[in-house]
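The values are calculated or read from the model by the stated rules, or taken from the named source; none is laboratory data. Keep in mind it's a predicted model, so treat the numbers as computed, not measured. All Cβ positions, glycine included, derive from the backbone under ideal geometry; neighbour counts span all protein chains shown. Please note that ligands, DNA and RNA were not included when accessible areas were found on the heavy atoms of the full protein model with its side chains. Shrake-Rupley method; radii C 1.70, N 1.55, O 1.52, S 1.80 Å.
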Amino acid sequence: MKRFLLFLVIICCIAGNSKSQNFSIIPQPQKVGILEGEFVFKPETKIIAPLSLNTAAELFSEEMKDIIGRKITVTSKGNSSGNIVLRIEKTVSKPEGYELNISSGSIRVTASTGAGIFYGLQTIKQLLICSENGVLKAMTITDSPRFEWRGVMLDVSRTFMPLNLVKRYIDLFSQYKLNVVHLHLTDDQGWRIEIKKYPLLTEIGSKFDPEFNRMGGYYSQDEIRELVIYAKARNVMLVPEIELPGHASAAIASYPELSCENVRPVIHTFLEGKSIHEEIFCAGKESTYVMIFGILDELCELFPSPYIHIGGDEAPKAMWKRCPYCQKTMKDNNLSNEEELQSLFVKRIGDYLRSKNKTLVGWDEIIEGGKLSGDEVLMFWRGWKLSEVEKEVKSGFRVVCTPTTHCYFDYPYDKINTRTIYDYEPVRPGTSEKNYLGVQANFWSHIDRSEHNIDKQLFPRVLGLAETAWSKPENKNWDRFKPAAAKNIIYLKKAQNVNVFRDNFIEFP
Ligand code: ACM
Ligand code: ZN
């Protein structure tokens, strides 16, 4: 850490002439006004915060060890002079917004929610990363996010990511004001969450066949509860995904009766098995729905998120075409093809989730078949079908944009680099921004990924994502972002031990 602090002083001496200070705030705030004077962090500087903001204040204080070399005392009493004051005020209207006021006498962060306060503190942290010995220029910042969903998906099915690794990514993402971690918990290559009612899902479904020398694993329900609390303290919503009806052979290996033909597939690794498995959940047997609803009951209890992702992508229909139960369901409901059956299947799950006050999210294929209710959230991933977004947004659907063209962080940097995601504009011409819930990057882990390797795929692209998700287009500027990103990369590498990829688009020492 000392190495980082020394580095910081050198960098700031070179670049940090305070008159021309280039503020390293990622994502760029909505409004910044520079004032006369400066605030100096002194050993006696405290954080004054009501008890309800204690967690946010303590997290900030802890991080100050890496930035100014010491923690800052948190207290609920005291006057503002020389201190950082956190205050909830309903006058700040945007739910995740905040106002930051830095003057020579004090720093004030006001927001109407804990989330806003958390983000105000992240902005102070960013300013300090390139301050000179804890000196901040006086300024006012009024800030709030462009999109309410600012996410990263982690595929913990193909490569199981231990709890501490997920926590580490929650820390790293949330400091850039990303607020959703979508956990892809199940796929053909593994079922990664304990379901008490159906224990074989993890007893069988979390393990690779012994032929494949690969680690499995799963999260117990206690671990999920711990993760939810951890994420909440950092204003991160965990959105669980259970893949249905396809990408489900780990579930079917555990309970073969879930499939049309009672088959028990082998749990392969991605590279050594078929990339898309034919075994999918039967949409005709009532017992399938009983089990799906049982799983969803436990999921809804565990995750406070109003959204539950049910997958829906890449479901081959060969088994449904042969299955008497599926074919009977189609006949009974006057359906003309298996796409309509999938749509009905998804609608029924959506209806169940609605009865539990949850909203269904699905990959964009769920619109095919035309039977949805309209309140489902579509996660648009098929970059070759982007014009569909326009159509569906115009018909009233809400969308989260995660296209393969800009948001697939498992792709190599020569396909998608930091500039690609930075320049991405999700709102399609002629559509209304209010239907865009937000933007998300997807990290698929088909090939076995070490922590070292995952870091490299995510960073520095996450910095570009953060600005695309938070900042208004008119506030984005690559030439301002680039040096800010370079400073953040130094911090990520030296203080947070992140293995940042050397993207040609950003120079850093
Ligand atoms: C996906 O990449 N199949 C959602
Ligand atoms: Zn069937």
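Remarks
- Between 0 and 90°, nearest 10: helix 114-129 axis offset from the chain longest Cα axis: 60 degrees
- Simple rule: put +1 on each Lys or Arg Cβ and -1 on each Asp or Glu Cβ in the chain, find the dipole, and look at Leu185, Gly69, Val239; the Cα lying farthest toward the positive end is Gly69.
- Label-point gap, in nm, between Asn337 and Thr91 - each point 7 angstrom along Cα→Cβ: 5.9 nm
- Only Lys, Arg, Asp and Glu carry charge here, each on its Cβ (+1 for the first two, -1 for the last two); on that basis the chain has a dipole of about 1680 debye about its Cα centre.
- Simple rule: put +1 on each Lys or Arg Cβ and -1 on each Asp or Glu Cβ in the chain, find the dipole, and look at Leu121, Pro29, Leu136; the Cα lying farthest toward the positive end is Leu136.
- Across the range 248-355, C-alpha contacts under 8 Å between residues 6 or more apart give a mean separation that, scaled by the residue count, equals a relative contact order of 26 percent.
- Selected from Trp384, Tyr255, Thr329, residue furthest toward positive end of dipole (the range 247-400; charges at beta carbon): Thr329
- Centroid-to-centroid, using Cα positions, the range 247-271 and the range 411-466 are 31 Å apart.
- Rounded accessible area of Tyr413 (nearest 10 Å², 1.4 Å probe): 20 Å²
- Highest-first arrangement of 457-468, 497-508, 210-221, where packing means the average Cβ count within 10 Å: 457-468, 497-508, 210-221
- 0 to 90° range, to nearest 10: angle between helix 163-174 axis and the chain longest Cα axis: 50 degrees
- Protection proxy ranking of 61-68, 179-186 - average other beta-carbon atoms within 10 Å, highest first: 179-186, 61-68
- In nm, spacing of pseudo-spin labels at Asp351 and Asn54 (7 Å Cα→C-beta vector): 4.8 nm
- Helix axis angle, 286-302 relative to the chain longest principal axis, alpha carbon, degrees: 10 degrees
- Under-5 Å amide H pairs with Lys46, H placed in peptide plane, nonlocal only: Ile84
- For the peptides 230-238, 292-300, the ranking by packing is 230-238, 292-300, with the highest mean count of neighbouring Cβ atoms within 10 Å listed first.
- Near Thr159, the amide H atoms lying under 5 Å from its own belong to Ser445; only residues 5 or more places off or on other chains count, and H is placed 1.01 Å from N.
- Amide hydrogen proximity for Ser259: with H placed 1.01 Å from N in the peptide plane, the residues at 5 or more positions away or on another chain lying under 5 Å are Cys282.
- Computed magnitude of the charge dipole of the range 333-380 (debye, nearest 20; Cβ of K, R +1, Cβ of D, E -1): 380 debye
- Remark: the range 35-49, residue by residue, has Karplus-estimated 3J(HN,Hα) of 10, 6, x, 8, 9, 10, 6, 10, x, 8, 4, 10, 9, 10, 9 Hz, where x stands for each Gly or Pro and the curve is 6.51 cos²θ - 1.76 cosθ + 1.60 at θ = phi - 60°.
- For the chain, the relative contact order works out to 15 percent when only alpha carbon pairs closer than 8 Å and six or more residues apart are counted.
- The chain - mean residue ellipticity at 222 nm from DSSP helices (-39,500 (n - 2.57) per run, n ≥ 4, rounded to 500): -10500 deg cm²/dmol
- A simple charge model with +1 on the Cβ of Lys and Arg, -1 on the Cβ of Asp and Glu and nothing else charged puts the dipole of the range 51-150 at about 140 debye relative to its Cα centre.
- Calculated FRET value between Phe293 and Ile34, using beta carbons and R₀ = 60 Å, to 0.05: 0.60
- Beta bridges per DSSP with both ends in the chain, % antiparallel, nearest 5: 30 percent
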